[in-house]
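Inspection log for the structure reproduced underneath, given as structure tokens.
The values are calculated or read from the model by the stated rules, or taken from the named source; none is laboratory data. From a predicted model like this one, the values you see are computed outputs, not experimental measurements. Cβ sites come from the backbone with ideal geometry, for glycine too, and all protein chains shown count toward neighbours. Remember, those area values only see protein heavy atoms, side chains included, never the ligands or the DNA or RNA. Shrake-Rupley method; radii C 1.70, N 1.55, O 1.52, S 1.80 Å.
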Amino acid sequence: ASTDFVRDKHVDYIKSLDSDAAKETFAFWATEHLRMSGIYWGVSALALMGGLEEADRNDIIEFIKKCQRSSGGFAGNVDHDEHLLYTLSAVQILVIFDALDVLAGQVDDEGKSGIDKVVQFVSQLQQPDGSFAGDRWGEIDSRFVYCALNCLALLGRLDAINVEKAIEWIIKCQNFDGAFGTTPNAESHAGQTFCCVAALAIANRLDVIDADLLGWWLSERQVPAGGLNGRPEKLPDVCYSWWVLSALRIIDRIHWINQAKLTEWILNCQDIETGGFADRPGDLVDVFHTFFGIAGLSFLKFPDLIDVDPAFALPVPVLQRTGIALPWIRS
Amino acid sequence: QVNGDCYTMWNFRRETLDFLLRTESDLASVTKLLKNELNFTQQAISRNPKSYWCWNQRQWVTAELDKLSGYDWKHEIELCDLMLTADSRNFHCWDYRRHISKHCSSSQEELDFTQKMIEKDFSNYSAWHQRSKLLPLINPDPESFKEALKQELELVQNAFYTKPEDQSAWFYHRWLVSQIPEV
């Protein structure tokens with residue numbers, strides 16, 4: 001553990017995820033189904049460290065193309081089924097690489113571009129009550145309304161869905177504590193709360209939130225040691241440095257937590273030998289926690305990191321390039 | 001068995017079972033297939049109690065069994081009782097319980113269940129949360145709702161006195177007080 005940020009080790013760690021050695025590990029294959037998100041976490045972390053050029057852009061774009069299914073959605077890996085989660089990750093990666101033209105350029109027999117097909121896939125997942133299913137099998141979860149809004153906003157196609165109805169449904173997921181759950185009546189959870197708050201931000205409907213009430217619940221995620229948990233009485237985990245911090249950022253209450261203590265706690269989640277971050281100090285690292293640890297440090301204004309957008313979960317300069325309005329970022 | 005989150009495999013199983021359900025005319029063999037899948041989901045859930053995909057599969061199988069020949073949903077309550085004894089904060093299980101309880105359990109019975117959970121452990125935020133959803137359902141009339149909340153104040157005060165460092169009661173208390181202006 002260290003209070004130094006071992007940037008070069010993190011870059012090397014992320015690059016090693018694609019190595020032959022990595023492909024020999026159980027972890028590589030146990031996460032095969034979510035590879036698209038794994039790549040997004042890795043590429044985004046590199047971007048926040050100013051090291052995007054270390055990623056194999058062409059290789060990744062070829063991989064993404066192979067994962068688009070005929071429905072227009074993207075799968076977590078080649079030969080897997082399409083899902084909203086991996087569709088969002090695919091679009092996010094392409095936006096980071098400024099490569100949406102790759103999709104725009106692919107036109108099928110009916111004259112539909114790769115982008116039209118993504119929009120079709122996502123919009124067809126919206127249910128009559130405004131919620132979104134993750135795929136054709138119908139699981140409903142607030143993660144998916146976030147994926148839909150983020151993805152379509154990045155493509156400039158929010159017009160393809162009923163945003164108002166989506167907001168109506170999100171409101172039903174709000175609980176007595178001001179936070180949000182997976183579905184209406186579900187217990188508040190920081191991950192789901194991030195999804196709902198970020199979706200509301202993208203839809204410009206933050207008026208729905210009681211910021212003081214939610215801010216209290218979110219700030220109480222900080223435990224005495226400095227880390228953040230996802231629900232009352234749970235253990236801290238570095239990924240909550242994203243879910244909780246981004247929500248606090250959006251409602252402008254990051255100052256309600258002890259930022260110095262959190263910074264120290266996140267840094268202690270590094271493995272200074274191998275690079276990467278673990279869920280908590282001393283555990284094994286993985287790329288998921290690496291991205292969220294770095295993103296958390298970015299929110300906390302740790303030096304030499306690029307600003308990350310709390311709703312789109314992308315580097316701010318990337319979003320500024322796309323011209324999407326970011327009202328919750330104060331200049 | 002190796003990767004409970006391999007969602008494409010769960011999709012494949014459902015597609016296959018669905019095909020067999022539609023093409024196989026023998027009710028007994030089709031029921032057996034679904035019951036095998038039900039057992040398989042129980043193993044999957046035991047190994048991966050926090051996997052969305054595993055709980056989804058069980059939701060699908062029980063719905064198919066119910067369509068086919070009716071299903072005794074009390075089995076699912078028993079599964080939830082078991083899983084919540086192992087981990088009283090497993091939100092996948094609480095969500096699943098909310099989903100199936102409409103078939104076989106009244107709001108009052110579910111409220112009684114949360115009371116048992118809280119008496120076992122005051123820091124069960126999941127149980128307090130569930131009460132916040134059940135009380136308005138059981139007491140749709142504003143006056144009886146306020147009376148029910150005043151009784152909740154007593155319950156929450158027991159929690160404070162027993163375990164003042166526990167957060168759940170304080171969050172719940174804030175909500176109660178906000179609902180009863182005169183308190």
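Rg and Dmax of the stretch B:43-183, based on Cα coordinates, read 16.8, 53 Å. Take A:Asp307: with every protein chain present and a 1.4 Å probe, its accessible area is about 70 Å².
When only alpha carbons are used to place a centre, the stretch A:1-58 and the stretch B:1-64 end up 34 Å from one another. If one computes the Cα centroid of the stretch A:77-93 and of the stretch A:271-324, what distance in Å separates the two points? When both Cα centres are located, 21 Å separates them.
Paramagnetic label reach from A:Glu273 (point 7 Å along Cα→Cβ; backbone nitrogen cut-off under 14 Å): within the stretch A:13-53, no residues. The number of Lys pairs in chain A with C-alpha atoms less than 17 Å apart, excluding pairs fewer than 8 positions apart on the same chain, is 5. Take the Cα of B:Asn36, step 7 Å toward its Cβ, do the same at A:Ser71, and the gap between the two points is 2.6 nm. Every Cα-Cα pair of the stretch A:59-126 was included, and the share exceeding 15 Å stands at 45 percent.
Its DSSP H runs of at least 4 residues, each contributing -39,500 (n - 2.57), put the calculated 222 nm mean residue ellipticity of the protein assembly as shown at -18000 deg cm²/dmol, to the nearest 500. Here's the list of lysines a cross-link from B:Lys146 could span, going by alpha-carbon distance under 19 Å and ignoring same-chain residues fewer than 8 apart: B:Lys133.
Per residue, the protein assembly as shown exposes an accessible area of 42 Å² to a 1.4 Å probe, with every protein chain left in place.
Structure remark: mean-square fluctuation, Gaussian network model of chain A, C-alpha springs under 10 Å; the largest value among A:Ala21, A:Ala148, A:Ala160 belongs to A:Ala21. Per the accessible-area calculation with a 1.4 Å probe, the total area buried between chain B and chain A rounds to 3100 Å².
Annotation: extensible slack from B:Gln1 through B:Asn158 equals 52.1 nm (criterion: 0.36 nm per residue apart, minus Cα-Cα distance). Give me the distance between the Cα centres of the stretch B:121-175 and the stretch A:199-231, rounded to whole Å. Centre-to-centre distance over Cα atoms comes out at 21 Å. Leaving out ligands, DNA and RNA, what percent of the accessible area of the protein assembly as shown is carbon and sulfur, probe 1.4 Å? C and S atoms contribute 51 percent here. With a Förster radius of 30 Å applied to the C-beta separation of A:Ala99 and A:Lys301, the computed FRET efficiency comes to 0.50. Computed from Cα atoms alone, the Kirkwood hydrodynamic radius reported for chain A is 19.9 Å.
Along the Cα→Cβ direction, 7 angstrom out, place labels at B:Leu20 and B:His103. What is the inter-label distance in nm? Output for this residue pair reads 2.0 nm.
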